[in-house]
Amino acid sequence: MSFVKTLGLKMRELLTSKALLMVLLVLPILLGLTAGAANLKNQSPNLRLAVTDLDQTDISQGLTQALKRQGWDILEVPQSDLARLVDGKAVEGALVIQPGFAARHDSLISSGLVYTPAEGTLSTNMVLDVITYSVIPFKSRSVFLRQAKDLYRRSGEPLPERFDELYDERIALNLEGGAKQEFVLVGSPPEPSVLTYVVNDYSMEVLFLGFFALLGTFTLSSPAIRRRLSATPLGLRYDYAASLITLFAAGLVQIVLYMVSMRMLMRTAVDPYELYILAVFLLMSLALSQGLALLHQSIRLYLGLMAVLLLSVAGGCFIQLPEQLIHSVGQYIPQGWALAALRGYPVPHSALAIALSLLLLALLYPLHAKKAGEA
């Protein structure tokens, strides 16, 4: 049997099942649209913050108005609704203005605020920072007024009429003339104790390609076909090479479908470099899958799925890995290498990844041939 006929046989074998064809052509589009929608939401400036004002004073309401001027969607809700909104990720976080906030407003130490970040958002730290900087002007006004009134009291001078109004007018006049206040934050604000889940542009595609390479390899490594081809000259070599080419071509189609659907939704251009990185990752995944295909048929599916899932977790498909972890471990895992390269981190050159993958495929062929001969 010629190589062209073997390749055609593999193509027909892969596309015979309508269910498999739907998975190959429809699922990448759905995943691309999902990733595009998630990235649009993560990149959107329209952040939503739930605010519960338990103080109900002019000062607390002034803070709420200051947050609204950020251009965010501020949901003023009762405290009983906060848990539902935060747990359901309907908001970036929840801010509770506690009773007595205005009474403690002349202290820069006691905040009277409780902020609860929502898991699964990229904007947690940014929202917390903006809340901090929105509180400072209110706090500083109260602190400066208290200090000015204390000076009058200690000097025995009566407090002028309309002192608060005159103070505000004077500050406004100074601001118009170019005066400014500089604030120095002592210490560092506490980081939210949540795990921030990140949907990278291609996290789902990397995860999907890993499983596709594994399951596709198992599908095309039929013992019956390999026994028949091993009886013909070069038949087993043709089968091995044709299987890899078929899976690589099908994987490239899926990558293009994923990229085009995601980028169309996000209204951004497709980057050829990203296509190249994903193609290299596909080659690495196929090399790994050929190794897993040598396992006994009764356990290879279970162990293979577990291996791909663990590599996906360790490579950062589900959570954002710290840069230090990427440098020490993540970049040497196929999934981690692909995502790190797409994010612009320094990783081993793609030529090295290609060379190692081709070398592994060449070393695995004799083992596949031996296994087919023993079957």
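Applying a 10 Å radius around every beta-carbon, put 324-337, 58-71, 294-307 in order of their mean neighbour count, most first. Show your work: numbers first, answer last.
Details: 324-337: 18.8, 58-71: 15.1, 294-307: 13.1.
The peptides rank, most packed first, as 324-337, 58-71, 294-307.
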query = Contour minus end-to-end for L27 and L54, with contour as 0.36 nm per residue of separation and end-to-end as the Cα-Cα distance?
reply = 5.0 nm
query = Using r as the Cβ-Cβ distance of D73 and L275, and R0 as 51 Å, what FRET efficiency do you calculate, to the nearest 0.05?
reply = 0.90
note = The answer for V51, listing residues at least 5 apart or on another chain whose modeled amide H is closer than 5 Å to its amide H, is L75, E76, V77, L95
note = With 0.36 nm assigned to each residue of separation and the Cα-Cα distance removed, L301 to A83 gains 74.4 nm
Added length on full extension, which subtracts the Cα-Cα distance from 0.36 nm per residue, A148 to V253 = 30.7 nm
request  = In nm, give the distance between the simple-model label positions of L113 and D164, each being 7 Å from the Cα along the Cα-to-Cβ direction.
outcome  = 2.0 nm
remark   = Each label sits 7 Å from Cα toward the beta-carbon; between S155 and L294 the label points are separated, in nm, by 8.9 nm
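Rule-based calculations on the coordinates, nothing more; no lab input. No experiment lies behind these values; they were computed from the predicted model shown. With ideal geometry, Cβ positions are generated from the backbone for all residues, glycine too; neighbour counts draw on all protein chains shown.
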